[in-house]
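Shown next, in structure tokens, is the structure this report addresses.
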Amino acid sequence: MEQDEIYLVDLWRIFARGWKWFVLVLVLTLACTYAFAHLVKRQWEATVWIQIGQVGAVPPGQDPKVEPLQRVLERLQLVPFQNEVLQDAGYAPNSAVAGLYRKSLKLDPLPYAGPLIRLSVRSYSRQQADALATATALRLHTIHQPLEAVQLTSARGRLAGIESDLQTAQADEARYRKASQPESLGGPGSKDVANPMLASLLLSNKEGEIRGLQQAKNDLVERLGPTYTYETSTVWPVYVPEQQAFPNPALTWGIGLLLGIFLGSSAALARSVARRSA
């Protein structure tokens, strides 16, 4: 215990003698921190949530998404895709804005929420960050549009076929219903079914067929509705905080203060060692 007390007293004497060096180094470090905080280019971060489009009316076992989540993530990181985004936003691929866009691009997949992709990019102003995030989402939407159109055309073709079959079945049902009445037997040249019992049997089968076609039509129409079929788009507006993302004032000054205390302490100790050596 006595050795610890002596050590603390000696340490206090070292700092008491070299306090000028401590203060000088601390002030220089804080001055450098001030210069860094005011001279470095400020950066703002924009965040956008992108929902991958889908067509709900697809054959069983087929992914309704226009493009799988993992493939979309790979696409967003391709240099040609990023060049197209920068061109849409009005920036050259070799500009400083482009370099920061590539370096700061962050992708956070949310497979159980849509799936969604939370995308973050940085730029040198709030407006630039907002424009780049919006351009990224719009470019992906443009690429997915023709892919979605192919699936929609196929689904609408199936719907048209079901509607045609339903109309034919309903016409047959009306004919069988009329023929099932004994007093409605047709003449020799009539196309109606001559046997009322056979007509009743055909009518029952046709009613079951109509119910199945109607159910299939309703299911397909529902899946082509906005609940199951939608385009690739942003779920919420692009979010850009009012405060800059870099440099963070509180974090910058905190690191500068800690670094200044460490360097000042080291300078005071070095001065004490130099005096003893002399």
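The values are calculated or read from the model by the stated rules, or taken from the named source; none is laboratory data. Bear in mind the structure is a predicted one, so any value in this text is a computation, not a measurement. Cβ sites come from the backbone with ideal geometry, for glycine too, and all protein chains shown count toward neighbours. Protein only, heavy atoms only, side chains kept; ligands, DNA and RNA dropped before computing areas. Shrake-Rupley method; radii C 1.70, N 1.55, O 1.52, S 1.80 Å.
In the set Lys191, Lys217, Lys206, which member is more than 30 Å from Gln54 (Cβ to Cβ) and either modelled with pLDDT of 90 or more or open to solvent by 60 Å² or more (accessible area, probe 1.4 Å) (or both)?
Of the residues listed, the single one that is more than 30 Å from Gln54 (Cβ to Cβ) and either modelled with pLDDT of 90 or more or open to solvent by 60 Å² or more (accessible area, probe 1.4 Å) (or both) is Lys191.
Could you list, in sequence order, the residues of segment 28-85 that are within 13 Å of the chain's Cα centre (by Cα), open to solvent by less than 40 Å² (accessible area, probe 1.4 Å) and of a type in the set (Phe, Trp, Tyr)?
none
Does segment 267-278 hold any residues that are of a type in the set (Gly, Ala, Ser) and open to solvent by 30 Å² or more (accessible area, probe 1.4 Å), and which are they?
In the first step, residues of segment 267-278 are kept if they are of a type in the set (Gly, Ala, Ser); the result is 267-268, 270, 272, 274, 277-278.
Residues satisfying the conditions are Ala270, Ala274, Ser277, Ala278.
With respect to Gly61, is the statement that it is in a loop (DSSP other than H, G, I, E, B), over 17 Å from His141 (Cα atoms), touching a residue at least 24 places away in the same chain (Cβ under 8 Å) and of a type outside the set (Phe, Trp, Tyr) true?
no
Out of (1) charged (D, E, K, R); (2) within 30 Å of Ala57 (Cα to Cα); (3) at pLDDT 95 or above, the odd one out for Asp165 is which?
(3)
Would you pick out the residues in segment 86-119 that are surrounded by 15 or more Cβ atoms within 10 Å (Cβ to Cβ) and hydroxyl-bearing (Ser, Thr, Tyr)?
Those that are surrounded by 15 or more Cβ atoms within 10 Å (Cβ to Cβ) and hydroxyl-bearing (Ser, Thr, Tyr): Tyr91, Tyr101, Ser104.
Restricting to segment 10-27, name every residue that is open to solvent by 70 Å² or more (accessible area, probe 1.4 Å) and at pLDDT below 85.
Correct list: Trp12, Arg13, Arg17, Trp19, Lys20, Trp21.
Kindly evaluate Thr234 against the criterion of being touching a Pro at 6+ places or on another chain (Cβ under 9 Å), over 25 Å from Arg42 (Cα atoms) and open to solvent by less than 80 Å² (accessible area, probe 1.4 Å).
Taking the combined requirement at face value, the residue does not satisfy it.
Against the conditions (1) at pLDDT 90 or above; (2) open to solvent by less than 30 Å² (accessible area, probe 1.4 Å); (3) in a helix (DSSP H, G or I); (4) over 18 Å from Asp165 (Cβ atoms), where does Gly264 fall short? Just the number, please.
(1)
Looking at segment 120-160, which of the residues that are outside any helix (DSSP H, G or I) and touching a helix residue (DSSP H, G or I) at 6+ places or on another chain (Cβ under 6 Å) is surrounded by the fewest Cβ atoms within 10 Å (Cβ to Cβ)? So that I can check it myself, show each step before the final result.
Going residue by residue through segment 120-160, those that are outside any helix (DSSP H, G or I) are 120-125.
Among the residues that remain, those that are also touching a helix residue (DSSP H, G or I) at 6+ places or on another chain (Cβ under 6 Å) are: 121-123.
Numbers: Val121: 26, Arg122: 22, Ser123: 26.
Among them, the one singled out is Arg122.
Under 9 Å by Cβ, and 6 or more places apart or on different chains, what pairs join a residue from segment 235-255 that is in contact (Cβ under 8 Å) with a residue 60 or more places away in the chain with one that is open to solvent by 100 Å² or more (accessible area, probe 1.4 Å)?
From residues that are in contact (Cβ under 8 Å) with a residue 60 or more places away in the chain, the pairs are Val240/Gln127; Gln244/Arg42; Ala245/Arg42; Phe246/Lys41; Phe246/Arg42; Pro247/Arg42; Pro249/Gln243; Trp253/Tyr34.
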